[in-house]
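In what follows, a single structure is set out as structure tokens and then discussed.
Every number in this text was worked out from the coordinates using simple rules, so none of it is lab data. What you see is a predicted model, and the numbers here were worked out from it, not measured in a lab. Cβ: placed from backbone, ideal geometry, glycine included. Neighbour counts: every protein chain shown.
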Amino acid sequence: MSAALEFRRVSILFTQSRGSHRNLGKAEEALREGATRADIASQFGIVVGVFDASLRVETGQICVLVGLSGSGKSTLPARGQRAEPGQQRRCAAAGWRRAGQRRQLR
């Protein structure tokens, strides 16, 4: 089977205040070392949407993301759809139907 949708080690972090973007690398390092979302928000002014997520959905397979409110269930697929040209991303989609049209990620 071939993958219809695939994300590899995707992290999505949101800055809360001016200048907090400078702390993105430090925040990712702290997450790898076991820091919690609350730790990252208070120490670096960054909200963790998704951290180090991987997902592969095969063609014809149905996938359901289940989790608590605010756990990133909709953030991950939404980010894949909004990826800008030239932006570093590790996601791919074979194609999907939306309003009767076939689309693909750039």
Loop-resident GluC sites (Glu not before Pro) in region 25-72 with no more than 15 other Cβ atoms inside 10 Å, DSSP not H/G/I/E/B, are Glu33
Protection proxy (average C-beta count within 10 Å per residue), highest first, orders 64-75, 45-56 as 45-56, 64-75
